[in-house]
1. With the other protein chains left in place, how much accessible area per residue, in square angstrom, belongs to the chain at a 1.4 angstrom probe?
2. R0 = 22 Å: FRET efficiency of GLU95 with LYS44, Cβ-based, nearest 0.05?
3. Quick one: net charge of THR141's neighbours, Cβ under 13 Å, K/R +1, D/E -1?
4. Quick one: pull the percent of accessible area on the chain belonging to carbon and sulfur, 1.4 Å probe, ligands and nucleic acids left out.
5. Need one word for the chain: rounded, prolate or oblate. Basis is the Cα gyration tensor (sqrt eigenvalues a ≥ b ≥ c); a/c below 1.5 gives rounded, then a/b vs b/c decides.
6. Which order, highest average first, do 46-54, 33-41 follow once you tally other Cβ atoms within 10 Å for each residue and take the mean per peptide?
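The values are calculated or read from the model by the stated rules, or taken from the named source; none is laboratory data. Keep in mind it's a predicted model, so treat the numbers as computed, not measured. Note that each Cβ is placed from the backbone with ideal geometry, even for glycine, and that neighbours are counted across all protein chains shown. In case anyone asks, the SASA skips ligands and DNA or RNA and just uses the protein heavy atoms, side chains included. Shrake-Rupley method; radii C 1.70, N 1.55, O 1.52, S 1.80 Å.
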Amino acid sequence: KHQCHQGRVASLHQEGIDVIEPTELSGNIKGRENIYHHLAMMIKNATESVHLVSTKEGIQRKYEALGELLTQAKKKGLALTFTVPKGVNEKTLKELQRLGTVHFSAAPCRMCIVDTTELLFMLHHDAEVHPNYDSAIWLNTPYLSQAMNNLLEQ
């Protein structure tokens, strides 16, 4: 037991550890406009994938606000996935299918997973909250992001 502990300490001294500030792990975002700004930043910084999950009305708004960024992400070779309820505006649905893979879900949910490392999830149904009072939690956590992505793709 004592040798194992010494081995880990020696390993830390040789390899070092990444010091992560708590502000780099999570954040609380208030107001829909601020949420969309954060989504835009996440999409711009993505290197592998973007998975957007939204309501019928929400995906329409997100496509109008972020469509150009999503198109650029596709051109960069990112895998784009959208999980939405049935009944999405037909024109928007065709644009989403042009950009990536579309899955349908009956559960109303609003989130974005980027590179299976970052997760942004909204705390309210968009029909039940004024845009100024909408809020979201951002987490930089590969463990939870990967788990949520796996659940969505089942």
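1. Numbers: 9420 Å² over 154 residues.
Value for the chain: 61 Å² per residue.
2. Numbers: r = 19 Å, r/R0 = 0.87.
Efficiency for this residue pair is about 0.70.
3. Numbers: positive: none; negative: GLU24, ASP115, GLU118.
That works out to -3.
4. On the way: 5010 of 9420 Å².
Taking all protein chains in place, the chain shows 53 percent carbon and sulfur surface.
5. Numbers: a/c = 2.32, a/b = 1.94, b/c = 1.20.
Prolate, because a/c is 1.5 or more and a/b exceeds b/c.
6. Details: 46-54: 20.3, 33-41: 16.3.
Packing order, densest peptide first, comes out as 46-54, 33-41.
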